[in-house]
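Notes for the one structure printed next.
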Amino acid sequence: MTSDRSAVTILVPGWLHERALARVDKAFNMVRLDKADKSLISDELAGSVRGIAAMTAIDAAFIDALPNLEIIANFGVGYDAVDARHAAAKSVMVTNTPDVLTEEVADTALGLLINTVRELPRAENWLRQGRWVKEGPYPLTKATLRGRRAGIFGMGRIGMAIAKRLEAFGLSIAYHNRRRVEGLSYEYHSTLAGLAAAVDTLISVAPGTAATEKAVNAEVLRALGPDGVFVNIGRGSTVDEEALIAALSGGVIRAAGLDVFADEPRVPQALIDLPNATLLPHVGSASVHTRNAMADLVVDNLIAWFSEGKPLTPVPETERVAKPA
Ligand code: 8YV
């Protein structure tokens with residue numbers, strides 16, 4: 001079967017990592033499209049596409065426009081942009097890129113937390129702007145990591161890797177998930193507001209789903225309290241950004257460190273203007289090393305599907321989807 005692969009059409013809508021493009025092109029018949037818009041699909045293309053490799057939104061209409069589609073290989077562990085439930089209903093497999101980015105994202109989360117608490121980017125700017133010479137030392141930071149109690153919203157693989165690091169830093173750890181994680185000794189809270197009330201440092205690693213939409217809201221931020229620090233390394237959609245801006249400007253919480261936003265790459269000017277917000281342009285997994293590994297996993301999933309009939313990392317919604325005979 002392997003020798004047939006070059007005849008299999010894989011559609012790549014929008015931008016994709018270069019290494020993934022090169023490997024898809026080598027292993028399959030790659031067709032590129034400006035974007036995942038069904039009006040761009042010709043009748044001929046519609047019938048021939050059997051796989052998609054993408055890091056863009058793939059909605060139900062796009063899936064429906066491709067009658068012979070078998071698999072969507074998503075670049076990223078988060079697959080909120082892919083309608084996986086619709087894919088499952090249409091017997092289309094969806095894969096993501098877990099594990100290979102876990103440690104990188106956890107490293108970034110810790111860096112972002114320390115930058116937020118100890119104001120390191122601002123301290124560096126102080127030096128660069130010549131203020132150390134002119135005005136003296138950078139002011140002592142009001143916040144410290146010492147004695148902090150961390151709460152993790154989303155205790156999956158990345159949440160665990162963050163917790164391991166936080167333990168090494170001497171912080172206590174609690175978490176909120178839909179369900180308690182079997183065999184995990186960290187304190188569990190059945191509600192996010194309950195977790196926020198019990199800690200002063202809330203780290204969101206939660207995926208973007210209907211259930212987590214704007215879950216970090218005014219009530220949760222109030223519960224976190226005036227020394228509270230909020231870090232988001234998961235998805236921007238899990239936060240009510242207006243409530244966060246209000247909490248940061250009104251002293252409801254002390255500071256926030258954000259790698260993800262509701263409408264990327266657009267970041268609200270009000271957040272950019274806030275001195276107690278530390279902002280990163282969604283770089284959680286963005287090293288050459290880790291993005292190469294993610295690119296490889298995207299393509300290896302396609303290869304495994306078309307040669308073995310089983311992908312390496314299916315998402316839970318489509319775990320039972322079988323390869324058409
Ligand atoms: C990716 C991410 O960069 O894996 C994820 O879910 O958020 C990032 O690591 C992103 O998905 C690519 O768009």
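The values are calculated or read from the model by the stated rules, or taken from the named source; none is laboratory data. All values derive from a computational prediction rather than experimental measurement. Because the Cβ atoms are built from the backbone with ideal geometry, glycine has one as well, and the counts that use them run over all protein chains shown. Side chains included, ligands, DNA and RNA excluded: accessible areas come from the protein's heavy atoms. Shrake-Rupley method; radii C 1.70, N 1.55, O 1.52, S 1.80 Å.
Using only Cα atoms and rounding to the nearest 10 degrees, what angle (0 to 90) does helix 18-27 make with the longest principal axis of the chain? The two axes meet at around 20 degrees. Translational diffusion of segment 45-86, estimated by Stokes-Einstein from the Kirkwood radius over alpha carbon pairs at 20 °C in a medium of 1.002 mPa s, is 205 µm² per second. Legend: residues 317, 119, sorted from most to least accessible area (1.4 Å probe; ligands, DNA and RNA excluded), read 317, 119. Per-residue surface analysis assigns residue 38 an accessible area of about 120 Å², computed on protein heavy atoms at 1.4 Å probe radius.
Judged by the gyration tensor of its Cα atoms, with axes a ≥ b ≥ c, segment 141-212 is prolate; a/c meets the 1.5 cut and a/b is the larger of a/b and b/c.
Would you be so kind as to identify which of 173, 237, 279 lies farthest towards the positive end of the dipole of segment 102-279, taking Lys and Arg as +1 and Asp and Glu as -1 on Cβ and the Cα centre as origin? Farthest towards the positive end: 173.
Would you please classify the overall shape of segment 1-135 from the alpha carbon gyration tensor, given that a ≥ b ≥ c denote the square roots of the eigenvalues, rounded means a/c under 1.5, and beyond that prolate means a/b larger than b/c while oblate covers the rest? It is prolate, given that a/c is not under 1.5 and a/b is the larger ratio. Dividing the mean sequence gap of close Cα pairs (under 8 Å, 6+ apart) by how many residues the chain holds gives a relative contact order of 19 percent. Using a probe radius of 1.4 angstrom, the carbon and sulfur fraction of the accessible surface of the chain is 51%. Give the angle, between 0 and 90 degrees and rounded to the nearest 10, that separates the Cα long axis of helix 102-118 from the longest principal axis of the Cα atoms of the chain. In the chain, helix 102-118 runs at an angle near 20 degrees to the longest axis.
Please give the calculated 222 nm ellipticity per residue for the chain, where each DSSP H segment of at least 4 residues contributes -39500 (n - 2.57) and the sum is spread over every residue; nearest 500 deg cm²/dmol? Walk me through the intermediate numbers first.
Details: 13 runs with 118 residues, N = 325.
Roughly -10500 deg cm²/dmol at 222 nm, from the helical runs in the chain.
Let me spell out the model: positive unit charges on the Cβ of Lys and Arg, negative unit charges on the Cβ of Asp and Glu, origin at the Cα centre of segment 1-79. What dipole size does that give, in debye rounded to 20?
Details: 8 positive and 10 negative charges, 67 e Å.
It comes to approximately 320 debye.
Could you size up the charge dipole of segment 102-279 around its Cα centre, putting +1 on the beta carbon of Lys and Arg and -1 on that of Asp and Glu, and report it in debye to the nearest 20?
Values: 20 positive and 20 negative charges, 87 e Å.
The dipole of segment 102-279 has a size of about 420 debye.
Indicate the gyration tensor shape class of the chain (rounded, prolate or oblate), computed on the Cα atoms with a ≥ b ≥ c the square roots of the eigenvalues: a/c under 1.5 is rounded; otherwise a/b larger than b/c is prolate and the rest oblate. Because a/c hits 1.5 or more and a/b exceeds b/c, the chain counts as prolate.
Each label point was placed 7 Å from the Cα along the Cα-to-Cβ direction; for residue 164 and residue 198 their separation is 2.3 nm. Among the lysines of the chain, pairs at least eight places apart or on separate chains and with Cα atoms under 18 Å apart come to 4. The long axis of helix 288-308 is offset from the longest Cα principal axis of the chain by roughly 30 degrees. The residues of the chain expose on average 49 square angstrom of accessible surface per residue, using a 1.4 Å probe on protein heavy atoms. So if I take the centroid of the Cα atoms in segment 139-174 and the same for segment 1-58, what is the distance between those two points in Å? Segment 139-174 and segment 1-58 have Cα centres separated by 41 Å.
Note on residue 61 and residue 263: the model spin-label points, each 7 Å out from Cα along the C-beta direction, lie 2.0 nm apart.
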